[in-house]
Amino acid sequence: MANEQLNMNIAASTLKPIFADGTALVMRIKSFRNDKGEIEKDGQVEIIFLDMLKQQPVGEYVISRNTARELIDGLVQNLTNLEKELASGDLPRPPEVKTSGDPSYR
């Protein structure tokens, strides 16, 4: 049910697709000493999408490590399906929107 609602919201979205032909990746790491004097670290991944013709960033996203892992899995699956579709002689099927994991926080 939640995925159906998400698919409808994506289809009704007024966001305009932006072309990017380059990316830049940045690790954001913060560290601090806890009460015991031990160093604790946390980090995120920053993805910057670039328009190389204009030499400008067109989008910037900071995501958690878990979201980055889900993104990797989704990209691998999506590229595998895209390569199969491009190699086949059949008419393309309508795209299916796949989301990563459970979007709720616990």
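Read-outs throughout are calculated quantities, based only on the coordinates presented, and are distinct from any laboratory measurement. In this text the structure is predicted, and so the values were computed from the model without any measurement. With ideal geometry, Cβ positions are generated from the backbone for all residues, glycine too; neighbour counts draw on all protein chains shown.
Determine the calculated [θ] at 222 nm for the chain from helices alone, applying -39500 (n - 2.57) to every DSSP H run no shorter than 4 residues and normalising by the residue count; nearest 500 deg cm²/dmol. Could the numbers behind the result be given before it?
Numbers: 2 runs with 34 residues, N = 106.
Result for the chain, helices only: -11000 deg cm²/dmol.
Quick check: from the Cα gyration tensor, does the stretch 1-61 come out rounded (a/c under 1.5), prolate or oblate?
Values: a/c = 5.06, a/b = 1.49, b/c = 3.40.
Judged from the Cα gyration tensor, the stretch 1-61 comes out oblate (a/c at least 1.5, b/c at or above a/b).
Can you tell me how the chain classifies by the Cα gyration tensor, rounded, prolate or oblate, using a/c under 1.5 as the rounded cut? Write out the running numbers ahead of the final one.
On the way: a/c = 2.13, a/b = 1.61, b/c = 1.32.
Judged from the Cα gyration tensor, the chain comes out prolate (a/c at least 1.5, a/b above b/c).
Residues of the stretch 45-61 with the amide nitrogen closer than 20 Å to a label point 7 Å from the Cα of Lys16, along Cα-to-Cβ, please.
Once the point is set 7 Å along Cα→Cβ of Lys16, 49-61 turn out to lie under 20 Å by backbone N, inside the stretch 45-61.
Given a Förster distance of 41 angstrom, what is the FRET efficiency for Glu85 paired with Gln44, based on the Cβ-Cβ distance and rounded to 0.05?
On the way: r = 33 Å, r/R0 = 0.80.
The computed FRET efficiency comes out at 0.80.
Only four residue types carry charge here, +1 at the Cβ of Lys and Arg and -1 at the Cβ of Asp and Glu. Report the dipole size of the chain about the Cα centre in Debye, rounded to the nearest 20.
300
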